[in-house]
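The structure appears right after this line, and notes come after that.
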Amino acid sequence: MFKRWRLRLLASCVAKLGRIMYLLMLVLTTHDRKEMSRREMPRVYELKDLIADPSDPRSYFRKFVDSIRESPSAKRVWLAREREFQRLDPESWKFLKNEACPYLTARDTRRGWEQLIAILNQARAHNYLIDEGCEEVNFIPRSTIGGKKNARHRGHLKSDKGLM
């Protein structure tokens, strides 16, 4: 017969093993969820991966994974953004990422993330022009002449060139 102390030791080991198994399952399922989100939103994660230190308090995507895991509405918003990003051709996507990169960790004290959101919304404008029948739609690089503003998109509509 087992002595009482052996039974306690065995029970303690089983309890610890149970906790370890629980933690292992939690880690594995969390990892699977992150990977699923990365597969669902590859371009959004490309933006997130541009941030050198994602835990930086100035980082736009600091609480992104928790947000989309805990809030179905936040996930829907980001899935909609991903669909907009997916419609961009590779050259336009590269341009948009380069434009957004400096603002991923540059939250303005008064304007918040307005500048970053405005840049990300350019994907919608780009896709709108395509939906309206424009051809050869592309982004126009920022003016290098100080203080000069220029149009952000270029496209052709029924053989007329236009700047938008």
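Being among the aliphatic types (A, V, I, L, M), closer than 18 Å to ARG142 by Cβ and either touching an Asp or Glu at 6+ places or on another chain (Cβ under 9 Å) or outside the structural domain of GLU136 (by TED's automatic domain parsing) (or both) is the filter here; which residues of the range 74-121 pass it? Selection gives ILE119, LEU120. Within the range 84-98, being in a helix (DSSP H, G or I), in contact (Cβ under 8 Å) with a residue 24 or more places away in the chain and either more than 15 Å from the chain's Cα centre (by Cα) or farther than 20 Å from PHE64 by Cα (or both) holds for GLU91, SER92, TRP93, PHE95. Screening GLU40 on (1) modelled with pLDDT under 85; (2) of a type outside the set (A, V, I, L, M); (3) under 16 Å from LEU79 (Cβ atoms) shows it passes everything except condition (1). For the range 99-125, the set of residues classified as among the polar types (S, T, N, Q) and in a helix (DSSP H, G or I) consists of GLN115, ASN121, GLN122, listed by residue number.
The values are calculated or read from the model by the stated rules, or taken from the named source; none is laboratory data. Predicted model only: the values in this text are computed from it and were never measured. In this analysis, Cβ positions are derived from the backbone assuming ideal geometry, glycine residues included, and neighbour counts consider all displayed protein chains.
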